[in-house]
Amino acid sequence: MARFAFRERSRKVPRLGPRIAALASVIFAVLAIAAGRLYYLQIIRHHALAEMADRNRIRILRLPALRGLVFDRRHRPLVDTKPSFQAVIVPEDSPDLTVTIARLQKLLGVENLEKKIDDADDQGRPDFEPVIVAEHLEWPQVVALESHQLELPGVSLQVSPQRHYLYDSLAAHLLGYVGEVTLKDLDRLPDYRMGDEIGKFGLERSLEATLRGDAGGQEIEVDAIGRRLRMLREIPERPGDSIVMTIDLDLQRTAEAAIGDRAGALVAVDPNTGYILAMASRPAFDPNIFAEGISPSAWKELTTDPSHPLQNRAIQGTYPPGSTFKIVDSIAALMDHSVTLSTSYYCPGGIWFGNREYRCWRKQGHGNIQLHRAIVESCDVFFYEVGQRLGVDRIAAWAHALGLGRKSGIALDNEKGGVIPSTDWKERRFHERWYPAETLSVAIGQGYVSVTPLQLAMMAATVANGGTLYQPQFVREVDALDGTAVKQYPPIVRGELHIDPQTLDSVRAAMVDVVSAPDGTGHAAKIDGIAVAAKTGTAQVVKEAQGARTKETALPMKYRDHGWFIAFAPADHPKIAIACIIEHSGHGGSSAGPVVKQVMEKYFELYPPQGSNPPAPAPANQSAPATPLDE
Amino acid sequence: MPTIDRRLLYHFDWTVLSLALALCGVGVLSVVSATWGGRHHGLDPLVMRQLVWVGAGSALMIAAALLDYRALAAYAYPFYVVAVGLLIVVAVAGHSTGGSRRWINLGVLNLEPSEIAKLAVVLVMVRYLREEPPKGGWGLTHLLIPAAMLAVPVALVLKQPDLGTGLILILITATLIFVSGLNWRVMAALGLAAMLAAPAAWHYLKPYQRERLVSFINPQSDPLGSGYHIIQSEIAIGSGGKWGKGFLKGTQARLNFLPEQTTDFIFAAYAEEFGYFGSMALLALYAALIARGIWIARHARDRFGALLAIGFTGVIFWQVAINIGMATGMLPVVGITLPLVSYGGSSLIAMMIAMGMMISVNMRRYLF
């Protein structure tokens, strides 16, 4: 029965009505799906797709900001920008690209321009987007392009600012240089784009944010084939701020000229502020070659040069301070009362400690000697004794307090800290105990001790100003384009050393006699009419063999000692403190001394000393205990 | 001209007429916008031509409405022969653009015979299927003649190549066969066979053949990469958002990111400027027209009239579904116009005539 009914129904002639109804339901289901899809695209995905539509039609043209200028302390420009010409081509605008490129290559005297276009295309250059085919054009090339415009469809000249260091290699390490931003930089710097300039070294790097300004841009509407239709919006660029440095152009020049072709460094600071007046490192490089885009061969030459011209010796060179370290011993000993001004030791030209002889530089010895003469004549034996009395940790504490063996905090990358050894340090570094004999080497600034020229300059400044350790700074002010000061850089005090005035007076008096006493080691820095306080030093490059007294000039250049000279003047109210090292020059008094003298003389010529100047500020707290650190 | 019964005018279907004209209006607006060259350039000549098509189409629609649709049955086969003949003329002496040969140059206009073929196929199928099917519906043997009549124009259209029209011809024939009474079991068997055959066929193709098939499906595939059209179309539609960017303010279409913005992708250009509510309104117009077509089919006086209404409603539906499906990225790109909206004389006039015939069916449902 059921089987029959099924047959009966299936045999019926189909009627249109139900079939039309079935079709209608399919149709409206499909239309509903279409409506749903439209809801998805136009409501749910609207934001993302609208952004894509804008990206389609809007092309952003970046206008990099003009980089800020750099001035010396007297507002004389050191770094500015000059126009640099580039040849650009819009390949789509050239009916016969091969011919145009051939002509362009002939005019410019260059080759392989096709490759630049191909490279740009490989990197997804949109149509009608110009390609820079030649940069830093020489004037004759510019003229050639200008006069052959009609034969070069699609080619045009573009001017862009190029960093210009007015005095070539002057203060190169301090000023630094700029270069094109790297892919690695781009990952961490969202505001930068491919091809942007960025400070790579020195001040250019440290003050990148100040100098750079804000790039402007134009929003340009383009059609599907990339033709520019109109400008939608323009954001003007904001030029970078200018920097007024603390260095003096003339002083810097004098310092660099005085070091000359020798390898060495000089740091001159204002002891009352910590402002750097000059910072020289020789040999140097010309930062302009970086602005023009340094060639790989030139870069290789710079980095492999054995004299390391890229190294800023003033902050990256670490050397044993030699006898200049005796200033630290003297202050430590007097403050510790281990030694008084009348304590006397006998110098026979060397002492035996353990089974080794520790020599004084003066073979015949200094006889009976007290602190004053020990500084003036730089007696090693006296300070061997002082060192034993103090112990390495007391020396280290005062050395640290005077800014040695640690970074000065100057706003430059890659500053080296140097080393001031102590029992702790040795335990950490070598897992070994401190041997008392090692204290003797430390006492005369040898052995593990190493410092940078900047640290010694800051130490000299601290002794000069009565015990304030400043943070060295090379920027005085940031100015807006119209010259109004945007930011000032007041002196920063890193630490107050509570040194008895008597102690300081004694050390200063001895340092004055280094220059002026008949037996002083620093005659070379004597200036008429100005009391210069100084200390010489010799940094051993190689340890002498036991008992040997090698004559310096008999050694090959690279084994010769470095000569140190630290000084400040005028001794009673110091205006300038200097540390100078000349590498492999033997004794500091004769090599670095004259350099310091020239810089001092230049300084007092530029800034004549006035008798009315107040003396160096007195220590803040005279009754404080003799602890070196108060930061 | 046959005498007009006064009652005819009384029963004239203003709904179909006004919906068709509204859609034409949307089309003209979209063509204006897509070709707008700024205030200084003014209207593109394309707009004037489209207006002329709308005018001519309206006249022909009314003429078709006044014609008694029952008389069409007699002309179905000759009309079919003429349409196939025109397709052959295209294949031999057609005017080709963009790699396909679709038009016959008649001086004042380029006639696109594949549009005429749509009308002819509907007519000829309805003519054949108006007979009552045997008990249980059409069997396989009954389908041989429609299949043969379908195969000739489809083959000619695919040769052009115009996959879109070929697809429409197949879909509309299938729709008519289904509605007119296809045996359920035959339908199930055919459906199953198609389902099994499609992936199997694809599986046995060699990679280069598959690629050929893809480029055959989409002959104008962009050198910028396959899918460029789809992406730009989706961007245009989606960037319109809720209310659209406003008339003449669609950047995707105006700046030529959108391909075929006056024809196959006109929906994207419209949706960009008028947004979600605009596209819903357009969809509603189509839904209303389709609903009216179905209503006419259900109330028609005879099978011929009912199937005629279903045939033309089906053409509208399938073209809308495939065109919007393609513009919104749900279907691969095939060249199918948005009926009554896309720019193009042949397609517009053919559609208007179809609407006229539908009105004719509706007007005559009371006459005996």
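Key figures for this structure:
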item	result
Neighbours by Cβ (under 8 Å, 6+ apart or cross-chain): first from the stretch A:138-162, under 21 Å from A:L66 (Cβ atoms); second in a helix (DSSP H, G or I) and β-branched (V, I, T)	A:L157/A:V142
Qualifying helices (runs of 4 or more DSSP H) (wholly inside the stretch B:1-69; at least 3 residues being modelled with pLDDT of 90 or more and under 21 Å from B:L255 (Cβ atoms))	B:14-34
Enumeration of residues in the stretch B:252-276 that are more than 9 Å from chain A (Cβ to nearest Cβ), in a helix (DSSP H, G or I) and either in contact with a strand residue (DSSP E or B) (Cβ under 7 Å, 6 or more places away or on another chain) or among the hydrophobic types (A, V, I, L, M, F, W, C) (or both)	B:A253, B:I266, B:F267, B:A268, B:A269, B:F274
Leading residue by the ranking (farthest from the other protein chains (Cβ to nearest Cβ)) among those in the stretch B:117-144 that are of a type in the set (A, V, I, L, M) and over 23 Å from B:A297 (Cβ atoms)	B:L144
Of residues in the stretch B:295-312 being among the basic types (K, R) and open to solvent by 40 Å² or more (accessible area, probe 1.4 Å), the one nearest to the other protein chains (Cβ to nearest Cβ)	B:R298
Residue that is least open to solvent (accessible area, probe 1.4 Å) [pool: residues in the stretch A:398-438 that are basic (K, R) and part of a loop (DSSP other than H, G, I, E, B)]	A:R406
Filter result (farther than 28 Å from A:S281 by Cα and not hydroxyl-bearing (S, T, Y)) within the stretch A:428-465	A:R428, A:R429, A:F430, A:H431, A:E432, A:R433, A:W434, A:P436, A:A437, A:E438, A:L440
Those residues of the stretch A:222-231 which are surrounded by 13 or more Cβ atoms within 10 Å (Cβ to Cβ), among the hydrophobic types (A, V, I, L, M, F, W, C) and assigned to a strand (DSSP E or B), in sequence order	A:V222, A:L229
Residue list for the stretch A:481-505, restricted to those being part of a helix (DSSP H, G or I) and open to solvent by 30 Å² or more (accessible area, probe 1.4 Å)	A:P501, A:Q502, A:D505
Of residues in the stretch B:332-357 being of a type in the set (S, T, N, Q) and assigned to a loop (DSSP other than H, G, I, E, B), the one farthest from the chain's Cα centre (by Cα)	B:S342
Members of the stretch A:144-161 found to be aliphatic (A, V, I, L, M) and open to solvent by less than 70 Å² (accessible area, probe 1.4 Å), listed by number	A:A144, A:L145, A:L152, A:V155, A:L157
Criterion: under 19 Å from B:T262 (Cβ atoms), touching a residue at least 60 places away in the same chain (Cβ under 8 Å), out of contact with any Asp or Glu (no Cβ under 7 Å at 6 or more places or on another chain) and crowded, with 23+ Cβ neighbours inside 10 Å - qualifying residue of B:V333, B:V315	B:V333
Residue among A:I294, A:I289 that is assigned to a loop (DSSP other than H, G, I, E, B) and either open to solvent by 50 Å² or more (accessible area, probe 1.4 Å) or touching a residue at least 12 places away in the same chain (Cβ under 8 Å) (or both)	A:I294
Members of the stretch A:10-27 that are more than 7 Å from chain B (Cβ to nearest Cβ), assigned to a helix (DSSP H, G or I) and not polar (S, T, N, Q)	A:P18, A:A21, A:A22, A:V26
Matching residues, the stretch A:242-264, being within 30 Å of A:T484 (Cα to Cα) and outside any helix (DSSP H, G or I)	A:S242, A:I243, A:V244, A:M245, A:T246, A:I247, A:D248
Pairs with Cβ under 6 Å, 6+ apart, first in the stretch A:36-52 and facing chain B (nearest Cβ under 7 Å), second open to solvent by 60 Å² or more (accessible area, probe 1.4 Å) and outside any helix (DSSP H, G or I)	A:R37/B:M330
Residue list for the stretch A:91-128, restricted to those being open to solvent by less than 60 Å² (accessible area, probe 1.4 Å), in a loop (DSSP other than H, G, I, E, B) and among the small types (G, A, S)	A:S94, A:G124
Top-ranked residue of the stretch B:228-251 - restricted to ones that are free of Cβ contacts under 8 Å to residues at least 60 places away in the same chain and surrounded by fewer than 16 Cβ atoms within 10 Å (Cβ to Cβ), ranked as nearest to the other protein chains (Cβ to nearest Cβ)	B:K242
Subset of the stretch A:384-393 [touching a Ser or Thr at 6+ places or on another chain (Cβ under 8 Å) and either in a helix (DSSP H, G or I) or surrounded by 24 or more Cβ atoms within 10 Å (Cβ to Cβ) (or both)]	A:V386, A:G387, A:Q388, A:R389, A:L390, A:V392, A:D393
Check on B:F317, under 19 Å from the mean Cα position of the chain (by Cα) and on the phi < 0 side of the Ramachandran plot	yes
Matching helices (runs of 4 or more DSSP H) fully within the stretch A:129-197 where at least 3 residues are touching a helix residue (DSSP H, G or I) at 6+ places or on another chain (Cβ under 8 Å)	A:139-147, A:172-175
Residue match in the stretch B:107-121 (condition: part of a loop (DSSP other than H, G, I, E, B), more than 27 Å from B:M355 (Cα to Cα) and in contact with a helix residue (DSSP H, G or I) (Cβ under 8 Å, 6 or more places away or on another chain))	no
Filter pass, B:R292 being open to solvent by 10 Å² or more (accessible area, probe 1.4 Å), within 13 Å of chain A (Cβ to nearest Cβ) and modelled with pLDDT of 95 or more	yes
Subset of the stretch A:53-90 that is within 14 Å of another protein chain (Cβ to nearest Cβ) and hydrophobic (A, V, I, L, M, F, W, C) - its residue that is most open to solvent (accessible area, probe 1.4 Å)	A:I58
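Condition check ((1) polar (S, T, N, Q); (2) more than 28 Å from B:L158 (Cβ to Cβ); (3) touching a residue at least 24 places away in the same chain (Cβ under 8 Å)) across all residues:
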{"position": "B:Y69", "(1), (2), (3)": "no, yes, yes"}
{"position": "B:A73", "(1), (2), (3)": "no, yes, yes"}
{"position": "B:Y77", "(1), (2), (3)": "no, no, yes"}
{"position": "B:Y80", "(1), (2), (3)": "no, no, yes"}
{"position": "B:A83", "(1), (2), (3)": "no, no, yes"}
{"position": "B:L86", "(1), (2), (3)": "no, no, yes"}
{"position": "B:G94", "(1), (2), (3)": "no, no, yes"}
{"position": "B:I104", "(1), (2), (3)": "no, no, no"}
{"position": "B:L111", "(1), (2), (3)": "no, no, yes"}
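Here's the yes/no breakdown for (1) within 15 Å of the chain's Cα centre (by Cα); (2) within 14 Å of another protein chain (Cβ to nearest Cβ):
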{"position": "A:E204", "(1), (2)": "yes, no"}
{"position": "A:E208", "(1), (2)": "yes, no"}
{"position": "A:A215", "(1), (2)": "no, no"}
{"position": "A:A224", "(1), (2)": "no, yes"}
{"position": "A:R230", "(1), (2)": "no, yes"}
{"position": "A:I235", "(1), (2)": "no, no"}
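The values are calculated or read from the model by the stated rules, or taken from the named source; none is laboratory data. The model shown is predicted, which means the values in this text are computed figures rather than measured ones. Note that we place each Cβ from the backbone using ideal geometry, even for glycine, and neighbour counts take in every protein chain shown. What goes into the accessible areas is simple: the full protein's heavy atoms, side chains included, and nothing from ligands, DNA or RNA. Shrake-Rupley method; radii C 1.70, N 1.55, O 1.52, S 1.80 Å.
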